[in-house]
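> What follows is a single structure, and I will ask about it in a moment.
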Amino acid sequence: MWQATGSLQVLFSGRKLTSVRGGRTVFADVEFSVAAGHALVLRGPNGSGKSTLLRLAAGFLQPTEGTLEWDGTPVAADLDGHRARVAYVGHVDAVKSALTVAENLGFWVTLSGGSGADTKAALAALGLAELADAPAAYLSAGQRRRLNLARLAASRAPLWLLDEPTVSLDAPSVAALVQIVAEHCAGGGQAIIATHDRLDLPAVDTLTFVP
């Protein structure tokens, strides 16, 4: 069993979580809690269950056993409501090559109820303002990753879920990511991040998986 806790009010937690996929137990009896204003970093080798836990946390998968709770209420009782409070960035960058950088982000911002001002601020936060009118087809791998992460900077969701967000990022871009996550947590938000890299966040707990 692996467990991580925060020191503030716990809003999101998992209890005795077990996931079995394709007849294989990915993990068993996992427990965690994430307090308001905190980040939880998931550590462990590839295939140990980090991505699966993030997908459970997002409501994309259901645990084989155990429960997820938000502020003491089971997530399963209102999956749509839970998904509405989640911003999830996975391995695949959801970027449409035929659209411009601003159009790509603007689509996601509109879905979340944001405005054009939110789009501009998010692009600036990830160093993409000068590329706003550029076709996404011409972006490098790192720029595409930053565009995908810009969705977080424009998001109003309280719970951020990030799966290996630093892949393809250079050092300045990692610093920009750390800053927006830190600002999100400082405002009372929460983040769960699967990463092999060290992220210098002010309020962070760690959940370590073993194969």
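The values are calculated or read from the model by the stated rules, or taken from the named source; none is laboratory data. What you are looking at is a predicted structure, and each value in this text was computed from that prediction instead of being measured. Because the Cβ atoms are built from the backbone with ideal geometry, glycine has one as well, and the counts that use them run over all protein chains shown.
> Residue check, Ala125 against (1) in contact (Cβ under 8 Å) with a residue 40 or more places away in the chain; (2) under 17 Å from His91 (Cα atoms); (3) among the aliphatic types (A, V, I, L, M); (4) outside the structural domain of Val30 (by TED's automatic domain parsing), all met but one. Which one?
Unmet condition: (2).
> If Leu61 passes every condition in (1) within 30 Å of Leu17 (Cα to Cα); (2) in contact with an Asp or Glu (Cβ under 9 Å, 6 or more places away or on another chain) but one, which one does it miss?
For Leu61, the exception is condition (2).
> So, one more: Gly49 - would you say it is in contact (Cβ under 8 Å) with a residue 60 or more places away in the chain, in the same structural domain as His196 (by TED's automatic domain parsing) and in contact with a helix residue (DSSP H, G or I) (Cβ under 9 Å, 6 or more places away or on another chain)?
On the way: in contact (Cβ under 8 Å) with a residue 60 or more places away in the chain: yes; in the same structural domain as His196 (by TED's automatic domain parsing): yes; in contact with a helix residue (DSSP H, G or I) (Cβ under 9 Å, 6 or more places away or on another chain): no.
In short, no.
> Report yes if Leu42 is of a type in the set (A, V, I, L, M, F, W, C), at pLDDT 95 or above and in contact with a helix residue (DSSP H, G or I) (Cβ under 7 Å, 6 or more places away or on another chain), otherwise no. Full working, then the answer.
Numbers: of a type in the set (A, V, I, L, M, F, W, C): yes; at pLDDT 95 or above: yes; in contact with a helix residue (DSSP H, G or I) (Cβ under 7 Å, 6 or more places away or on another chain): yes.
Yes; evaluated as a whole, the condition is true for this residue.
A quick yes/no check of all residues on (1) assigned to a helix (DSSP H, G or I); (2) closer than 29 Å to Gly47 by Cβ:
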{"site": "Gly127", "(1), (2)": "no, no"}
{"site": "Leu149", "(1), (2)": "yes, yes"}
{"site": "Leu152", "(1), (2)": "yes, yes"}
{"site": "Arg156", "(1), (2)": "no, no"}
{"site": "Leu162", "(1), (2)": "no, yes"}
{"site": "Pro165", "(1), (2)": "no, yes"}
{"site": "Gln179", "(1), (2)": "yes, no"}
{"site": "Ala182", "(1), (2)": "yes, no"}
{"site": "Val210", "(1), (2)": "no, yes"}
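> Still on this structure: Being acidic (Asp, Glu) and outside the structural domain of Phe60 (by TED's automatic domain parsing): is that true of Asp197 here? First the steps, then the outcome.
Numbers: acidic (Asp, Glu): yes; outside the structural domain of Phe60 (by TED's automatic domain parsing): no.
For Asp197, the condition - acidic (Asp, Glu) and outside the structural domain of Phe60 (by TED's automatic domain parsing) - is not met.
> For the stretch 183-200, enumerate the residues that are buried (at least 17 other Cβ atoms within 10 Å of the Cβ) and touching a residue at least 40 places away in the same chain (Cβ under 8 Å). Even if it seems obvious, please write down each step before you answer.
The initial filter retains those residues of the stretch 183-200 that are buried (at least 17 other Cβ atoms within 10 Å of the Cβ), namely 184-185, 189-195, 199.
Cys185, Gly189, Gln190, Ala191, Ile192, Ile193, Ala194, Thr195, Leu199 - these are the residues of the stretch 183-200 that are buried (at least 17 other Cβ atoms within 10 Å of the Cβ) and touching a residue at least 40 places away in the same chain (Cβ under 8 Å).
> In this structure, does Ala98 turn out to be assigned to a loop (DSSP other than H, G, I, E, B) and among the hydrophobic types (A, V, I, L, M, F, W, C)? Give the steps one after another, and end with the answer.
Details: assigned to a loop (DSSP other than H, G, I, E, B): yes; among the hydrophobic types (A, V, I, L, M, F, W, C): yes.
It is true that Ala98 is assigned to a loop (DSSP other than H, G, I, E, B) and among the hydrophobic types (A, V, I, L, M, F, W, C).
> Next up: I'm trying to understand the selection: among the residues of the stretch 101-121, which are in a helix (DSSP H, G or I), out of contact with any Leu (no Cβ under 8 Å at 6 or more places or on another chain) and surrounded by fewer than 16 Cβ atoms within 10 Å (Cβ to Cβ)?
The first filter runs over the stretch 101-121 and keeps only residues in a helix (DSSP H, G or I), leaving 101-111, 116-121.
Subset that is out of contact with any Leu (no Cβ under 8 Å at 6 or more places or on another chain): 103, 106, 108-111, 116-118, 120-121.
Glu103, Thr110, Leu111, Gly116, Ala117 - these are the residues of the stretch 101-121 that are in a helix (DSSP H, G or I), out of contact with any Leu (no Cβ under 8 Å at 6 or more places or on another chain) and surrounded by fewer than 16 Cβ atoms within 10 Å (Cβ to Cβ).
> Same structure, new question: Go through (1) within 27 Å of Ser33 (Cβ to Cβ); (2) at pLDDT 95 or above; (3) outside the structural domain of Thr52 (by TED's automatic domain parsing) for Ser112 and report which single condition fails.
(2)
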